[in-house]
Each structure stands twice: as C-alpha cells, then as structure tokens.
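The values are calculated or read from the model by the stated rules, or taken from the named source; none is laboratory data. Computed from a prediction, not measured in an experiment: that's the story for all the values here. Cβ coordinates were reconstructed from backbone atoms using ideal geometry, including for glycine residues, and neighbour counts include every protein chain displayed.
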Amino acid sequence: MARAPASSIPDISVVVPVFDEEGAAPGLAREIAAAFKGRKYEMIFVDDASRDGTRDALQALASEIPQLRVLAHRSNSGQSRALRSGILAARGPVILTLDGDGQNDPADGPALVDALMAGPPELALVGGERVKRQDSAAKKVASRIGNGVRKRLLHDTANDTGCGLKAFRREAFLRLPYFDHIHRYLPALMQREGYQTAFLPVNHRHRQTGASKYTNLGRLWASLSDLFGVIWLKSRARHPGGVDEV
C-alpha cells in the first residue's frame, strides 16, 4: 500500500462511534466541521452496525465534508470497540473522541486538543468534565455515585469519566490493554502507563433525537466487573523509571 504524502496526514483525528443515530449524526458531523475549520483534521464516524439509516445519512455527506470517513462494523460490538476501530484507522497523532448522540458539544473539542498539544510529552490525555448536565435526575445520581466510587478506588483524579469528549495521544492509547468499556477507564489506564492526565469543563446538551443505549442497571453491572479488573491491572503495573539506550 502506498504511503500517504506527509502533506495529507492530519494533525487531529476526530473519532465518533454511532449506533442508530440517523437523526443526530449528520448534524454532528457538520458541527465538527465548523469547529475544526481551518485545521488539518479528519473525522471518522464508526457505524456499529446500525439498524436505521445512519450509514446512508453519513455517506450522503461525502461531497459536503471531504474530511469525513465512514467505517462500518459488520456486527454490533459496542462503543469501546467502535472507538478502537476508529483509532486504529486514524492517521492523526492526536485523537479527539465524542459521543454520537449530539450531547457533547463539538465546539469544546479544539480547547481540549490545544491543551493536550501545549502540554509536555508526558501529558497523554485531556478529558472533558460535563457542567450543567442535561440528563434525568436518576441518571445524574447514578453517575455521581459511580464516579465517586471509581475515583476513590482508582485514584485517577477524574470527576467524570463518562464524558465522551476526550483528547489523547494515539500512541499512548495503543499501549493500553484493550477490553470492552475501556473508554470509561482511560484516565486510570493512562496513569498506569506513567502518563499525566488533565481535565477541562465542557458543555453538555439535551439529546434531541434517538434514545440512550444504556440503562442505569446495565451500566452498574458492567462498571462493577470492569472496576475490579482495572484495580487488578493497576496492582500488576511496574515502572522502570525511564528507558535509556546504552
């Protein structure tokens, strides 16, 4: 396969997982294009085997948004796998992720990317922390409890790992052990590898179309098993303090 010329390689790859988001995805793609206008970027939407017209709606934007790439899973594999598919296909060294339901505001993305790029090489992730969350009271309470328990046990300094808006270095992500739901534990796993993380406040919006793909009970069950797994991974980490070629 021919190598792409350096001039065509983007600085930033915006990765968006989508599943049955026909109503939200096209508008979100246009918002991303507006937010990153004038920058060297690509956007990758990963359709996780949607059952509606999500894929067709995105493909119809090809001539309007030349930076848009659409990947499609052959079978539904979940949000973390869709993110990983997009990151593996990404050409940019910096990744920005956001949820495909339109609740994350793409206008916040450049600030996260700029904070990451301005930081030292050890800074591998800048995550968003949602302010004035536009979710149901039950969902906000469940999230507050879950984030509190996770933060206490993992000491990852993150107040809101459920926020889909995250900027991170692609190389750092590819060093992490992959498992389903990894996207909720990126700060802890980055720190496990010896990287630094930081967080900035971001906007949060009402869902305008579609329906949530998670329930509080389902999220709780998955979070408990994943949490114990990440605790185990952290307990098995050892750091050499740096590597020197001699």
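Of all residues in region 36-53, those that are surrounded by fewer than 19 Cβ atoms within 10 Å (Cβ to Cβ) and either free of Cβ contacts under 8 Å to residues at least 12 places away in the same chain or part of a strand (DSSP E or B) (or both) total 2. For region 17-35, indicate whether the set of residues that are out of contact with any Ser or Thr (no Cβ under 6 Å at 6 or more places or on another chain), part of a strand (DSSP E or B) and in contact (Cβ under 8 Å) with a residue 60 or more places away in the chain is non-empty. Scanning region 17-35, I find at least one residue that is out of contact with any Ser or Thr (no Cβ under 6 Å at 6 or more places or on another chain), part of a strand (DSSP E or B) and in contact (Cβ under 8 Å) with a residue 60 or more places away in the chain, so the answer is yes.
Inspect region 154-175 for any residue being in a helix (DSSP H, G or I), in contact with a helix residue (DSSP H, G or I) (Cβ under 6 Å, 6 or more places away or on another chain), modelled with pLDDT under 90 and surrounded by fewer than 17 Cβ atoms within 10 Å (Cβ to Cβ) and give the result as yes or no. No; the residues of region 154-175 include none that is in a helix (DSSP H, G or I), in contact with a helix residue (DSSP H, G or I) (Cβ under 6 Å, 6 or more places away or on another chain), modelled with pLDDT under 90 and surrounded by fewer than 17 Cβ atoms within 10 Å (Cβ to Cβ).
Every residue, every condition in (1) under 19 Å from G78 (Cα atoms); (2) modelled with pLDDT of 90 or more; (3) touching a Gly at 6+ places or on another chain (Cβ under 8 Å), yes or no:
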residue	(1), (2), (3)
H183	yes, yes, yes
A188	no, yes, no
Q191	no, yes, no
P201	no, yes, yes
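Selection of first residues in region 98-113 that are touching a residue at least 40 places away in the same chain (Cβ under 8 Å) and farther than 14 Å from A34 by Cβ and of second residues that are surrounded by fewer than 23 Cβ atoms within 10 Å (Cβ to Cβ) and charged (D, E, K, R), restricted to Cβ pairs under 6 Å at least 6 apart or on distinct chains, gives the following pairs, ordered by first then second residue: D101/R207; Q103/R205; Q103/R207. The single condition from (1) over 20 Å from the mean Cα position of the chain (by Cα); (2) in contact (Cβ under 8 Å) with a residue 12 or more places away in the chain that S63 fails is (2). Scanning region 95-114 finds no residues that are farther than 18 Å from A24 by Cβ, within 14 Å of the chain's Cα centre (by Cα), in a loop (DSSP other than H, G, I, E, B) and not hydroxyl-bearing (S, T, Y). Among the residues of region 54-75, those that are part of a loop (DSSP other than H, G, I, E, B) and surrounded by 15 or more Cβ atoms within 10 Å (Cβ to Cβ) comprise L61, I65, Q67, H73.
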